[in-house]
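Here is the structure we will look at.
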Amino acid sequence: MKRLLLFISFCFTLFIIYFDLTTGTLPASHPPASTGEPAVPASAPSAAYKEITMQPGDTLLSIVEKEKGESNHPIETIISDFQSLNEGLKPENMQIGKTYKIPVYK
């Protein structure tokens, strides 16, 4: 009986490994579904921006979500617009107390 249980466990483990390697257990990153809005090219920054002074705990995404409610723009677009507005500054290099131009989406 122990051998049968061990054999079934071994087969189940092999199946899990096979499934993980072929299909994967994490959701695939699919491009967002079209909402009917024209896509904004990443190279062209958004014309609208707001100057925000960083507070403790703020992140680029949290600020954009505060301004719009919930952003349906891809994070890559938000980051590239932020970098083009702030002379190539990466969001992870933002500092508390400094003022940055944050893209505002309609």
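Just to be sure, is Val40 surrounded by 10 or more Cβ atoms within 10 Å (Cβ to Cβ), at pLDDT below 65 and touching a Ser or Thr at 6+ places or on another chain (Cβ under 7 Å)?
Details: surrounded by 10 or more Cβ atoms within 10 Å (Cβ to Cβ): yes; at pLDDT below 65: yes; touching a Ser or Thr at 6+ places or on another chain (Cβ under 7 Å): yes.
Yes; evaluated as a whole, the condition is true for this residue.
Considering the range 57-68 alone, what residues qualify as being among the β-branched types (Val, Ile, Thr) and surrounded by 13 or more Cβ atoms within 10 Å (Cβ to Cβ)? Show your work before the answer.
Start the filter on the range 57-68 by keeping residues that are among the β-branched types (Val, Ile, Thr), which leaves 59, 63-64.
Passing the criteria: Ile63, Val64.
Out of the residues in the range 69-97 that are part of a helix (DSSP H, G or I) and loosely packed, with under 14 Cβ neighbours inside 10 Å, state the one that is nearest to the chain's Cα centre (by Cα). First the steps, then the outcome.
Here is the first cut: in the range 69-97, the ones part of a helix (DSSP H, G or I) are 75-85, 91-93.
From what is left, the residues that are loosely packed, with under 14 Cβ neighbours inside 10 Å are 75-76, 92-93.
Working: Ile75: 5, Glu76: 7, Glu92: 13, Asn93: 17 Å.
Across the range 69-97, the extreme among qualifying residues is Ile75.
Any residue at all in the range 22-31 that's over 24 Å from Glu87 (Cα atoms), modelled with pLDDT under 85 and not in a loop (DSSP other than H, G, I, E, B)?
Our first condition is that a residue be over 24 Å from Glu87 (Cα atoms); within the range 22-31, this holds for 22-31.
Narrowing the set further to residues that are modelled with pLDDT under 85 leaves 22-31.
Adding the requirement that they be not in a loop (DSSP other than H, G, I, E, B) leaves 22.
So far as the range 22-31 goes, yes, one or more of its residues are over 24 Å from Glu87 (Cα atoms), modelled with pLDDT under 85 and not in a loop (DSSP other than H, G, I, E, B).
Which pairs turn up if I take residues in the range 46-69 that are at pLDDT 85 or above and look for partners that are among the basic types (Lys, Arg) with beta carbon separation below 6 Å, at least 6 apart in sequence or on another chain?
From residues that are at pLDDT 85 or above, the pairs are Tyr49/Lys101; Glu51/Lys101; Met54/Lys98.
Taking the stated definitions as given, is Tyr100 at pLDDT 90 or above and open to solvent by less than 70 Å² (accessible area, probe 1.4 Å)? Walk me through how you get there before you give the answer.
Values: at pLDDT 90 or above: yes; open to solvent by less than 70 Å² (accessible area, probe 1.4 Å): yes.
Taking the combined requirement at face value, the residue satisfies it.
The values are calculated or read from the model by the stated rules, or taken from the named source; none is laboratory data. Just so we're clear, the structure is a prediction, and the values are computed from it rather than from any experiment. Cβ coordinates were reconstructed from backbone atoms using ideal geometry, including for glycine residues, and neighbour counts include every protein chain displayed. With ligands, DNA and RNA removed, areas are computed over all heavy atoms of the protein, side chains included. Shrake-Rupley method; radii C 1.70, N 1.55, O 1.52, S 1.80 Å.
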